[in-house]
Amino acid sequence: MRVQAEVSWYPLKALDVTREIQAFVDALRATGVEVELGALSALVRGDSEAVFDALKTAFHARAQSGTVVMLVKYVNL
């Protein structure tokens, strides 16, 4: 099943928020899922397992750099 996830990434207490957000987006893209950037969120599309795995991988990769909030909304396509 294909899904789309709208994800927002909020690095808390980060000195360079833009750098942290870009690093998260880069981690998502490295997984091979489709990523479309918006003004305040990103859309991630692909096979449901790939999207869930991509978000998990990117979260674990970037959450080690500090406290973060990740909001995700999913819809099946």
Worksheet item: Relative contact order of segment 2-76: what whole-number percent is it, with Cα pairs under 8 angstrom and at least 6 residues apart?
Response: 51 percent
Worksheet entry | Distant-in-sequence amide H partners of Glu34 (H built 1.01 Å from N, under 5 Å) | Arg45
Practice prompt. Relative to the longest principal axis of the C-alpha atoms of the chain, give the angle of the C-alpha long axis of helix 48-63, reported between 0 and 90° and rounded to the nearest 10°.
Written response: 10 degrees
Practice prompt. Once every Cα of the chain carries one equal point scatterer and solvent is ignored, give the base-10 log of I(q)/I(0) from the Debye formula at q = 0.16, 0.22, 0.26 Å⁻¹, two decimals.
Written response: -0.51, -0.94, -1.28
Discussion item. Using only DSSP helix segments of four residues or longer, with each worth -39500 (n - 2.57), what per-residue ellipticity at 222 nm results for the chain after dividing by its residue count and rounding to 500?
Written reply: -13000 deg cm²/dmol
Worksheet item: Does anyone have the angle between helix 17-30 and the longest principal axis of the chain? Alpha-carbon axes, 0 to 90°, nearest 10?
Response: 30 degrees
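Coordinate-derived values only; no laboratory data. Quick caveat: nothing in here was measured; it's all calculated off a predicted structure.
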